[in-house]
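To start, the structure under review is shown below, and the notes come after it.
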Amino acid sequence: MDQDHPAVIDMIPIVVFLLMILLMGGLKPFLDLMRYIRTRYPLLFLPEISPAYRQYLSRHFPFYNRLSNKGKRIFEGRVQKFINKKEFIRRDSIHEVTDEMKVLIAGSAIQLTFGYPDMYFDRFVTIFIYPDEYYSRLSGAYHKGEVNAAGVIVLSWKSLKEGFEDQADGIHLGLHEMAHALRVIKKLDDEEESYQFFDSKKMQAFDLEAYREIAKMTEGEEPSLFRDYGATSIEEFFSVSVEVFFEKPDAFFAYNPILYSALAGVMKMDLRTGQKITVMD
Ligand SMILES: [Zn+2]
C-alpha cells in the first residue's frame, strides 16, 4: 500500500459535504458565497499588477490617486485582471498595442465599476483599437467608439487619449463607451433573467429623472450641463452623464442633485470634493 491513501480518505467527508450542499441548495448559494468572499477580501483573489502598468495609473487617473493605499492596490489588481481577460487587437496603422493603451482602456472600465468588485464586462472579450475615427459599415458613418451586443468594443486611440488630456471638461471616451457596455450587459441580463448586475430599481430611478432632463434639453429653453448629444437617446444620456459624473461631480450635484444622487446610487460611489471615495451599498 502506498502512503497517499490516508490523505485521500481524509478528503472523503469534505467532498461528501460539498456534494450535499450542492444537492440541497443547487449551485447558486455556493456561487453567492464565493462572490461574497471575493468581494469581502478582494486582494486575496487579485493578481499583482505588472510594474510597467502602474506608472500610467498614477499619471492618468486622478480617481486612482484619490484612493487609499488599499483602494489603490485593489484598483491595480483589478486593472491587471481586466487586461488578462481581454484580447486587444490593433487596427489600421496601429503597429502595436502598447502598455499605455491597455492601461487607459482597462483603467476606464475599472474606474467606472469600482463600486462592483466582481464586474469584468465578461460579455465583452475583444477590444479593437483604431488609430483615429473609423468608418463603420454598419452605420455608414465615422465613429470614435462603439460597443455591440456581439461582445466587441471598438475605440479610436486618438479620441481615447484626448479624453484623458482634460479631465474636467466632461468628455471621456473610455468612460463613455464602457458605460454603453454596462447598459448592454444589463439589458442582456434582464432578457436572460440571469445575474442582475445593476439594481433595477436604482437604474429606473436614474432613467426617470434622465427622461425629464432629456425633455428639457430637447425643448432647449435653458442651457443644460450636459452636451446636446446626450439627448439623442437614454443610452447616450447615460454615457454622457457618466462622463460628467466623474469629471464634474460638484457641478453635476449643484445642477441636479436628484439625478446626481440617482447616478451615485447606480455607480455606488460619491465623487464630490471632500468626499472620500467609498463604495456605498
Ligand atoms: Zn455613445
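The values are calculated or read from the model by the stated rules, or taken from the named source; none is laboratory data. A quick note: this is a predicted structure, and the numbers were derived from the prediction, not measured. Every residue, glycine among them, receives a Cβ derived from its backbone with ideal geometry; neighbour counts consider all protein chains shown.
Annotations
- Qualifying residue in the range 126-149 (condition: closer than 23 Å to residue 263 by Cβ and in a helix (DSSP H, G or I)): no
- When restricted to residues that are of a type in the set (Lys, Arg) and within 15 Å of the ligand (Cβ to nearest atom), the range 167-186 contains 1.
- Boolean, residue 153 is assigned to a helix (DSSP H, G or I) and under 23 Å from residue 122 (Cβ atoms): no
- Of residues in the range 221-266 being outside any helix (DSSP H, G or I) and within 12 Å of the ligand (Cβ to nearest atom), the one nearest to residue 168 (Cα to Cα): 227
- When residues of the range 54-87 are limited to those that are of a type in the set (S, T, N, Q) and under 17 Å from the mean Cα position of the chain (by Cα), the one nearest to residue 41 (Cα to Cα): 80
- Qualifying residue in the range 24-35 (condition: in contact with a helix residue (DSSP H, G or I) (Cβ under 6 Å, 6 or more places away or on another chain) and either in the same structural domain as residue 272 (by TED's automatic domain parsing) or touching a residue at least 40 places away in the same chain (Cβ under 8 Å) (or both)): no
- Residue 160 within 16 Å of the ligand (Cβ to nearest atom), in contact with a Gly (Cβ under 9 Å, 6 or more places away or on another chain) and outside any helix (DSSP H, G or I): no
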